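One structure below.
The values are calculated or read from the model by the stated rules, or taken from the named source; none is laboratory data. Everything numeric here is computed off the predicted structure, so don't read it as measured data. So basically every Cβ, Gly included, is an ideal-geometry build from the backbone, and we count neighbours across all protein chains shown.
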């Protein structure tokens, strides 16, 4: 059964990979013009498109990104190549580039990721097909859009900042006022820079992180205090306390980072710095949200599992433990892909590669997949669960953990035995936890000097003892004379003790044996010892 599921998973992986690799739409061959050979038509249809622009002006987003890099390093000659300059504007190209940089630094807060990254631009913005709108620039009460225009050049079609927008730049620049950093921070701190940013900006940036962090930290303590005073149930109060302690820091950091991102554009930071800061903050938010979800799921699963264990439902509890681990693995993979996307990695290519590599992984990691499916099937079939006392491969012990790969059992010798879950599907597993009673078999040996009357009396007394004890199942108990052995008369006692705990079983068995010994002594008999009678020739 397990190997059949493994083969199906491999086949499914192959089909998914084929779907990822296959083209989404069929390729329609170009029509062959009259007088044109099929070979020429094929060559024309396979001719490469225009090469990518070396300055990155193929899409609105890449054009804006490269323009920001150019003005950020004060390369205004390169920055002029991203503007649609008229003859009257060409002498003022450097001044226009400086003004645009200042306008973007103080008044542009649109995330760069929301700008179109396709060569045709956004087609649903209500503008002509050769125009793209970004922004708006927010200067006090004034609002102005930045218009990009798609123009044709000898090197190909490229995007530029439109001359119409360049005409408005001097007027818009006149409305710029001092930023909060420039108004509030000393000039000494504004003159000295580190990594292209003044000391004043670094101090304000640090304050924009620490102040929200401290405020939300104090707020979390206040909320926790109110909840503890409001909730009356001790169980709920303790759960809320644990929940708050585990989730407090991720929540506080998430709120602090969000507040930091909201207020940073209003403080007058350069656009280039805000773009980098937004990327780092987005990655931090992904990590924090992942941590928050992992801790929340762990707490909820632990609470649910504890309730199941209290009601002696160990198999659902073990399934929850395995499900929690699978969820954490999938959540970590999703977070990794989100971080790669924010870092600029093409995840579509990565997913396609993952589909291709999935074939090799499926065949090369058959044992790993087999172990994972084995662990799931063992729990779903209710064969074992955490806390069960079992016998596996002639080894006895208590199941301590069921991981995604193996079963961990604490043996009677207190060693930790790790068994691959896949191999257990072919092994014999004896689970002692499901039993409600345990058999006790005792053989007592009496001396041959005992009379028949005494043997019958001792047998009847022992039978009365085991059937009247509430810890013994009376209906199945029996005491029989089983054999006249070589050196003793044997009585066998067989009964079920009504317990599944080995410690309680040993205690009940010990108590019964002591009382049986008293019955034998009171009956005037003695236990037989191994002996041998030797007759000499004179006898």
Residue among 154, 186, 170 that alone is surrounded by 12 or more Cβ atoms within 10 Å (Cβ to Cβ), farther than 28 Å from residue 279 by Cα and either outside the structural domain of residue 251 (by TED's automatic domain parsing) or touching a strand residue (DSSP E or B) at 6+ places or on another chain (Cβ under 9 Å) (or both): 170
Subset of the stretch 472-492 (residues that are farther than 17 Å from residue 525 by Cα, surrounded by 16 or more Cβ atoms within 10 Å (Cβ to Cβ) and touching a residue at least 24 places away in the same chain (Cβ under 8 Å)): 472, 473
Residues (surrounded by fewer than 18 Cβ atoms within 10 Å (Cβ to Cβ), part of a loop (DSSP other than H, G, I, E, B) and within 42 Å of the chain's Cα centre (by Cα)) located in the stretch 69-108: 73
Name the residue, out of 222, 200, that is in contact with a helix residue (DSSP H, G or I) (Cβ under 9 Å, 6 or more places away or on another chain), outside any strand (DSSP E or B) and free of Cβ contacts under 8 Å to residues at least 24 places away in the same chain. 200
Take the stretch 55-68 and flag every residue that is touching a residue at least 12 places away in the same chain (Cβ under 8 Å) and in a loop (DSSP other than H, G, I, E, B). 55, 57, 58, 59
Against the conditions (1) assigned to a loop (DSSP other than H, G, I, E, B); (2) closer than 27 Å to residue 277 by Cβ; (3) touching a residue at least 40 places away in the same chain (Cβ under 8 Å), where does residue 119 fall short? Just the number, please. (2)
Can you name the number of the only condition in (1) at pLDDT 90 or above; (2) within 29 Å of residue 321 (Cβ to Cβ) that residue 492 fails? (2)
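Go over the candidates 473, 430 one by one and state the one that is modelled with pLDDT under 90, part of a strand (DSSP E or B) and under 30 Å from residue 387 (Cβ atoms).
430
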Regarding the stretch 236-246, can at least one residue be identified that is outside the structural domain of residue 70 (by TED's automatic domain parsing), more than 22 Å from the chain's Cα centre (by Cα) and closer than 16 Å to residue 342 by Cβ? no
